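Participant: Dumping the structure here so I can ask a few things about it.
The values are calculated or read from the model by the stated rules, or taken from the named source; none is laboratory data. What you see is a predicted model; the values in this text were computed from it and never measured. Here Cβ is always computed from backbone atoms with ideal geometry, including for glycine, and neighbour counts include all displayed protein chains. Quick note on the areas: whole protein, heavy atoms, side chains included, nothing else; ligands and nucleic acids left out. Shrake-Rupley method; radii C 1.70, N 1.55, O 1.52, S 1.80 Å.
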Amino acid sequence: MTEKLNIGIILGSTRNGRVSPQVGNWVKEIADERGDANYEIVDILDYQLPFLGTTDGTEPGIAAWQKKISELDGYVFIVQEYNHSFSGVLKNAIDHLREEWHDKAAGIVSYGSTGGARASEHLRGVMAELKIADVRVHPTLSLFTDFENFTTFKPAELHLSNVHAMLDQVNAWSGALKPLRVKEDTEEK
């Protein structure tokens, strides 16, 4: 029997009144019912990351962030669209690391007025540079139809099959890429 993969569900917003925890918890509930991997919420807010390059880099949140991302085999990014792109705090968190992201897979669940599609496309370019394999299936949630008063998450049932398909791909690709990470770890020692 093979060991279960560790998949982080990364909340990409730290704004007051954010809805990413609602979306992330919904994805985690669906994922946990599957029993095919170990899923956990990874909230950027918990790490209190400074703006990259503005400190000496010794803040405990940076080391904790590095450790957490290193432990994970794959990711599901919960991405909201701000001004046609993803949030600055998510970009900052991603930029704090490099090798920790390599040879892992990621899915995206996005939301916004256009389902967060533009933010996701920007994120895909960043992931390519960091050797993160982004999967094709991409659940997109509308602020108009999947949120009551733009704040209370009430997803349409049609998204369930997309979340399952995305998780299928994240798990398959994360597992397929794991030998590359093990090889690199062995070569470094």
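Participant: Where does the chain land on Rg(C-alpha)/(2.2 N^0.38 Å)?
Facilitator: Details: Rg = 16.0 Å, N = 189, 2.2 N^0.38 = 16.1 Å.
Output field value: 0.99.
Participant: I want the local charge near residue 91. Using Cβ-Cβ distances under 15 Å, sum +1 for each Lys or Arg and -1 for each Asp or Glu among the other residues.
Facilitator: Details: positive: 15, 98, 118, 124; negative: 81, 95, 121, 129.
Summing Lys/Arg as +1 and Asp/Glu as -1 gives 0.
Participant: Between residue 145 and residue 117, what is the spin-label point distance in nm, taking each point 7 Å from the Cα along the Cα→C-beta axis?
Facilitator: Computed distance between label sites residue 145 and residue 117 equals 1.2 nm.
Participant: For the residue pair residue 154 and residue 168, what label-to-label distance in nm results when each label sits 7 Å from Cα along the Cα-to-beta-carbon direction?
Facilitator: Roughly 3.0 nm, to one decimal.
Participant: Another one. What full-extension length gain, to one decimal in nm, is calculated for residue 100 and residue 70 as 0.36 nm per residue of separation minus the Cα-Cα distance?
Facilitator: Details: separation 30, 0.36 × 30 = 10.80 nm, distance 0.50 nm.
Full-extension gain reported as 10.3 nm.
Participant: Right, here's the next one. Using only the alpha carbons of segment 14-80, what is the convex hull's orientation-averaged projected area in square nanometres?
Facilitator: Numbers: hull surface 21.4 nm².
Answer in nm², one decimal: 5.3.
Participant: Another question, if that's okay. Cβ neighbours within 10 Å, averaged per peptide: list 107-114, 80-87 in order, most packed at the top.
Facilitator: Working: 107-114: 22.8, 80-87: 18.5.
Highest mean packing first, the order is 107-114, 80-87.
Participant: With label points built 7 Å along Cα→Cβ from the Cα atoms of residue 15 and residue 92, find their separation and express it in nm.
Facilitator: Modelled inter-label distance: 1.5 nm.
Participant: Note down the accessible area of residue 71, probe 1.4 Å, to the nearest 10 Å².
Facilitator: Its accessible surface works out to 80 Å², give or take rounding.
Participant: Here's a follow-up. Run through the DSSP bridge list for the chain and note the antiparallel percent, rounded to the nearest 5. Spell out each step's value before the answer.
Facilitator: Values: 3 of 28 bridges.
Given both bridge residues lie in the chain, the antiparallel proportion sits at roughly 10 percent.
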